[in-house]
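Please read the structure below before turning to the comments.
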Amino acid sequence: MPELGVNIDHVATVRQARRTNEPDPVWAAALAELGGADGITLHLREDRRHILDRDLSILRQTVAVKLNLEMACEQEILEIACQVKPDQATLVPERREEITTEGGLDVAGRHDRVAQVIGRLREAGISVSLFLDPDPQQIEAAAELGADAVELHTGRYALARPGPEQQKELVALTTVGAQIRRAGMALHAGHGLTYRNVRPVAAIEAMHELNIGHSIVARAIMVGFEQAVREMKQLVL
Ligand code: PXP
């Protein structure tokens, strides 16, 4: 059974919409642990659009399960990672204009920089996962770089129409997943996974970790909304 990493970025997105102190992603992480999360995942972006440095440093002290930091290969973030020491760093590409991480990292094309970043993280005792598209060439490059894990980008699968189109993407994930395991790396997956599409991905052989955020935060709002209104109604009676 894969481990579930809960991505709490979008709790922070709601907070940052008002630049206030609620909802606090630190509380959300504690609740995620109570719900059975095996890991807490967060992305410290260069523009600090959701997760803040304060969140990362408090979470390092409070999270009892695996703390997984998604990060770009930027020097500033690398220094912070080496200081805070999450259990795992997942290297992702990052562009300021994107709404979310749109594609996998190009490790085949950015070999030297990625190798440097992996080296620094390893020295700091941090395990390294690379977020890659299900592309055999990228997996080969990841193996050469000595990554501990590859997180397969499931965005194309998530966007595919259910039926043959989605099945084709699932086959691609499964085939490349086998390549990752043969190369001795752990198999992770994430991006766009939902309550409706997660099961076939979770069932891929030796799937070790799934990172899921948006769908869980979206459902949390919906399942909690009625109670939240009821509580406010009590106060204004
Ligand atoms: N994994 C990685 C590397 C990501 O960048 C993201 C999005 O932050 C996720 C998993 C989670 O994706 P989603 O929010 O669509 O579940």
Based on the alpha-carbon set only, what is the convex hull volume of the range 41-133 divided per residue, in Å³? 92 Å³
Cut-off 10 angstrom, C-alpha nodes, Gaussian network model of the chain. Which of 150, 63, 201 fluctuates the most? 63
State the answer as a single residue: which of 232, 57, 42 lies farthest towards the positive end of the charge dipole of the chain, with beta carbon charges of +1 for Lys and Arg and -1 for Asp and Glu, about the Cα centre. 232
Out of all Cα-Cα pairs in the range 64-107, roughly what percent, to the nearest whole number, are more than 14 Å apart? 51 percent
Lysines within cross-link reach of residue 66: Cα-Cα under 21 Å, excluding same-chain residues under 8 positions apart? 85
How large is the translational diffusion coefficient of the range 34-192 in µm² per second when you combine the Kirkwood radius over alpha carbon pairs with Stokes-Einstein at 4 °C and 1.567 mPa s? 80 µm²/s
Placing one identical point scatterer on every Cα of the range 1-69 and ignoring solvent, what is log10 I(q)/I(0) from the Debye formula at q = 0.16, 0.18 Å⁻¹? -0.47, -0.60
Given the protein chains as shown and a 1.4 Å probe, how many square angstrom of residue 11 are accessible, to the nearest 10? 20 Å²
note: the range 151-193, Cα-Cα separations exceeding 12 Å make up a percent value of 57 percent
Hey, what's the range 155-237 come to in accessible area per residue, 1.4 Å probe, Å²? 66 Å²
Only loop residues by DSSP count here, and only those with at most 10 other Cβ atoms within 10 Å; note down the GluC sites (Glu not before Pro) in the range 149-237 that meet that. 205
Could you tell me what a quarter of the Cα convex hull surface of the range 100-199 works out to, in nm² with one decimal place? 6.7 nm²
In the chain, whole DSSP H helices that both stretch 24 Å or further along their axis by alpha carbon positions and average at least 0.0 on the Kyte-Doolittle scale are 214-236
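The values are calculated or read from the model by the stated rules, or taken from the named source; none is laboratory data. The model shown is predicted, which means the values in this text are computed figures rather than measured ones. So basically every Cβ, Gly included, is an ideal-geometry build from the backbone, and we count neighbours across all protein chains shown. Side chains included, ligands, DNA and RNA excluded: accessible areas come from the protein's heavy atoms. Shrake-Rupley method; radii C 1.70, N 1.55, O 1.52, S 1.80 Å.
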